[in-house]
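The values are calculated or read from the model by the stated rules, or taken from the named source; none is laboratory data. Since the model is a prediction, treat every value here as computed from it, not as a measurement. Because the Cβ atoms are built from the backbone with ideal geometry, glycine has one as well, and the counts that use them run over all protein chains shown.
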Amino acid sequence: MAEKSPFHITIAGAIRRCETKSELRTLGELILMTKVPENHDVITTAWQESSKRLGYSGERVVASLLNQKDEAEAEAPRCPKCKAKFTKQNPETSGAGLCRECHTGGAF
Ligand SMILES: [Zn+2]
């Protein structure tokens, strides 16, 4: 069985594949009821393209995605010293609680 992706990844493709306003509206309603933890920009772009193509604006969906993006960023754990979000490139160092840059003295 193929590996499954989380909903917030697959929804962007589903939005792009919509062929009717009513399909897009259904996905929009789903998004309004769903907590989207990441991938907001990709979903928003997909939504804007499909909404233009199908003539269904669904501005509430875009507003909801923007809101959720703000919330997700506010909730994201940050380095207490430089306030940078932890990333794969600059992860939290185990034990120290700082990002790797701050923990090692960093290049910056
Ligand atoms: Zn830091």
Hits in the range 43-64 (condition: assigned to a helix (DSSP H, G or I) and surrounded by fewer than 17 Cβ atoms within 10 Å (Cβ to Cβ)): THR45, GLN48, GLU49, LYS52, ARG53, GLU59, ARG60, ALA63
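Going by what's in this entry, would PRO6 be described as at pLDDT 90 or above and exposed (fewer than 12 other Cβ atoms within 10 Å of the Cβ)? Don't jump to the end; show me each part of the working.
Working: at pLDDT 90 or above: yes; exposed (fewer than 12 other Cβ atoms within 10 Å of the Cβ): yes.
Yes; evaluated as a whole, the condition is true for this residue.
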Condition met for ARG78 (modelled with pLDDT of 95 or more and either of a type outside the set (A, V, I, L, M, F, W, C) or not assigned by TED's automatic domain parsing to the domain that holds GLY105 (or both)): no
Criterion violated by ARG16 - all others in (1) more than 13 Å from the chain's Cα centre (by Cα); (2) of a type outside the set (A, V, I, L, M, F, W, C); (3) surrounded by 15 or more Cβ atoms within 10 Å (Cβ to Cβ); (4) modelled with pLDDT of 95 or more satisfied: (3)
Test for ASN67: is it crowded, with 17+ Cβ neighbours inside 10 Å and polar (S, T, N, Q): no
Subset of the range 70-81 [within 14 Å of the ligand (Cβ to nearest atom) and surrounded by 14 or more Cβ atoms within 10 Å (Cβ to Cβ)]: ARG78, CYS79, LYS81
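Out of all the residues in the range 72-87, is one or more in contact with an Asp or Glu (Cβ under 6 Å, 6 or more places away or on another chain) and part of a loop (DSSP other than H, G, I, E, B)? Step through it out loud before you land on a result.
Applying the first criterion (in contact with an Asp or Glu (Cβ under 6 Å, 6 or more places away or on another chain)) to the range 72-87 yields 86.
From what's left, part of a loop (DSSP other than H, G, I, E, B): 86.
Looking for residues that are in contact with an Asp or Glu (Cβ under 6 Å, 6 or more places away or on another chain) and part of a loop (DSSP other than H, G, I, E, B), one finds at least one in the range 72-87, hence yes.
When you check SER64 against the structure, is it polar (S, T, N, Q), at pLDDT 90 or above and more than 10 Å from the ligand (Cβ to nearest atom), yes or no? Spell out how you get there, then give the answer.
Working: polar (S, T, N, Q): yes; at pLDDT 90 or above: yes; more than 10 Å from the ligand (Cβ to nearest atom): yes.
Considered against the rule, which asks whether it is polar (S, T, N, Q), at pLDDT 90 or above and more than 10 Å from the ligand (Cβ to nearest atom), SER64 comes out as yes.
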Test: residue in the range 88-96 that is assigned to a helix (DSSP H, G or I) and either at pLDDT below 95 or within 24 Å of PRO6 (Cα to Cα) (or both): no
